[in-house]
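Take a look at the structure below.
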Amino acid sequence: MRLHIDGTDAKARPHAHTYRGFNEAQGGWVIPRPANPHVHFRDPETQSDIFTLVVPETAKLYAWATAMPNLGKNRIRTPEQAIAYRNRILELGRTVNPTFEATVPLYLEPDIDHGVIRGGHESGAFWAAKLYPKNGTTESDHGIDFRDIRPILPTLKVMEELDMLCLVHAEVVLDQYDELVVDRFREGLAIDVIDRILRHCPKLRVVFEHISSRASIEAYWRWRRKGCHIEATIAPQYLLWNSSVLFERGMNPINFSIPILKDEEDRVALVEFMLEGGGMLGTDSAPHDLSAKSRHEHCPGGLFNEPVGLFIYFHLFRTLGGEQWFEQFVDFACRKAAHFYNVPESSEEVVIAEEAWQVPPRYTHGSAIIIPMLADTVMPYSLKRA
Ligand code: DOR
Ligand code: ZN
């Protein structure tokens, strides 16, 4: 388990020292600009300092991003809201990356009007919708009760017909007695929920978001073998850490995200899964102000991992991947999301250079203070324009 990325370690690895894919003239590895199909930018109205701080951090690195719709009272429920939110994101993101793009999914509620879905889809406002388990995570109190998803199945059928994507936060929160399910068992129980969705809507494109356990990986391959249209995003913290980082030398709420970090065997399985071609990039960067992260109760889950996530994936492919590690990294980071979302791969090229930088101990804007993942450590890679 690592609390920093070791650049020297990279050079000692079997395939890394060959500098596969390295472009001498460019001084680094040239790749199409990657895509991040899972990130939280927050609400520009109620959390404007955080929004202003984090959007450029994504736009600096990625060609496009899926901006999650869990914005509290301003959650994305209509095509107009999706368009307005996207415009706010682009206005800011394009100050650092003129071709930055964003897609904003609809927040699925049990009583969603199918006319809204059809209208939003036809107008191009959204081509994805997010399924949150009610009260399972930040701003999910209007989500779906995963113990009985029957009320939402007709909606998913409409999405299947429209060829929309269904992005699932796969966790069952309550049991049949209305008691909370132990956090580390929640994802495992949601495998049956996805199973049910796929059986009812065999053509629906489903993304299993931030997959975090070995059982889920096994389910993913089972579904793929059956020909289901399923993908999974992998957030960097689940590749680098197990649940020990939550309790190392005391409690560390800054490292807490939902789903909860699992065991070492899950972490190792996720790294192998990624290296053998499973899943796709999706950082789930989820910034919270230090004041929220320091709450003595009801501290929210979420890591601000955006500044470092891309380099964590890269480093793992480079140090642990096989002979084809570079091509596989490009697939994972630059191609798979575009393919699954059915959007063109970025035609812009960028360079991952071995230029080290110190991850700041905190990011600040206005009154917002956000501690990033791997704060105050050395990151041996930077992204540059080609
Ligand atoms: O840790 C998390 N934070 N998991 C989620 O699913 C939501 C996210 C957030 O919005 O803060
Ligand atoms: Zn998320």
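Quick notes
- Between the stretch 276-329 and the stretch 118-164, the alpha-carbon center distance in angstrom: 25 Å
- Under a model in which nothing but the beta-carbon of Lys, Arg (+1) and Asp, Glu (-1) is charged, the stretch 7-385 shows a dipole of about 440 debye around its Cα centre.
- Cα-projected label distance for residue 150 with residue 113, points at 7 Å along beta-carbon direction, nm: 2.6 nm
- Shown in residue order for the stretch 118-123 are the 3J(HN,Hα) couplings computed by the Karplus curve 6.51 cos²θ - 1.76 cosθ + 1.60 at θ = phi - 60°: 5, x, x, 6, 4, 7 Hz (x for Gly and Pro).
- Using alpha-carbon coordinates, inclination of helix 306-320 to the longest axis of the chain, degrees: 60 degrees
- Sparse-neighbour loop sites [GluC sites (Glu not before Pro); the stretch 247-343; at most 11 other C-beta within 10 Å; DSSP]: 297, 323
- Against the main long axis of the alpha-carbon atoms of the chain, helix 153-162 sits at an angle near 60°.
- In terms of its C-alpha gyration tensor, the stretch 117-215 comes out prolate, because a/c is 1.5 or above and the ratio a/b outweighs b/c.
- Its relative contact order, with pairs defined as Cα atoms under 8 Å and 6+ residues apart, puts the chain at 20 percent.
- Within straight-line reach of residue 262, meaning a Cα separation under 18 Å, sit the following aspartates and glutamates at least 8 residues removed in sequence or on another chain: 171, 183, 187, 209, 218, 248, 272, 284.
- The HN-Hα couplings worked out from phi for the stretch 198-215 by the Karplus form 6.51 cos²θ - 1.76 cosθ + 1.60 (θ = phi - 60°) are 5, 6, 6, 10, x, 9, 5, 8, 10, 10, 7, 7, 5, 4, 9, 9, 5, 4 Hz, whole numbers, x standing for Gly and Pro.
- Taking the inverse of the mean 1/r over every pair of distinct Cα atoms in the stretch 50-90 gives a Kirkwood hydrodynamic radius of 11.0 Å.
- In a DSSP loop and with at most 14 other Cβ atoms within 10 Å, the trypsin sites (Lys or Arg not before Pro) in the stretch 226-278 are 226, 249.
- Longest segment of the chain lacking chymotrypsin sites (Phe, Trp or Tyr not before Pro) that sit in a DSSP loop with at most 13 other Cβ atoms within 10 Å: 1-176
- In sequence order, calculated HN-Hα J values of the stretch 291-300 (Karplus, 6.51, -1.76, 1.60; Hz; x Gly/Pro): 4, 6, 5, 9, 4, 6, 9, 6, 6, x
- Taking amide H as placed 1.01 Å from N in the peptide plane, residue 262 has its amide H under 5 Å from the amide H of 243, each at least 5 places away in sequence or on another chain.
- Placed amide H near residue 38: partners under 5 Å, 5+ positions off or other chain: 66, 283, 284
- The residues packed around residue 52, meaning those with a beta-carbon under 15 Å from its beta-carbon, carry a net charge of -3 if Lys and Arg are +1 and Asp and Glu are -1.
- Cα long-axis angle, helix 79-93 against the chain (0 to 90 degrees, to the nearest 10): 10 degrees
- Here residue 157 is the anchor, and the aspartates and glutamates within straight C-alpha reach of less than 15 Å, apart from those fewer than 8 places off in the same chain, are 109, 111, 113, 195.
- Loop trypsin sites (Lys or Arg not before Pro), the stretch 135-209 (other Cβ atoms within 10 Å of the site Cβ: 14 or fewer; DSSP): 203
- For residue 304, distant residues with modelled amide H under 5 Å away: 286, 288, 373
- Cross-link partners of residue 60 among lysines, defined as those whose alpha carbon lies under 22 angstrom from its own and excluding same-chain residues fewer than eight positions apart: 336, 384.
Where a number appears in this text, it was derived from the coordinates with a stated rule and is not lab data. What you are looking at is a predicted structure, and each value in this text was computed from that prediction instead of being measured. Cβ atoms come from the backbone with ideal geometry, glycine included; neighbour counts cover every protein chain shown.
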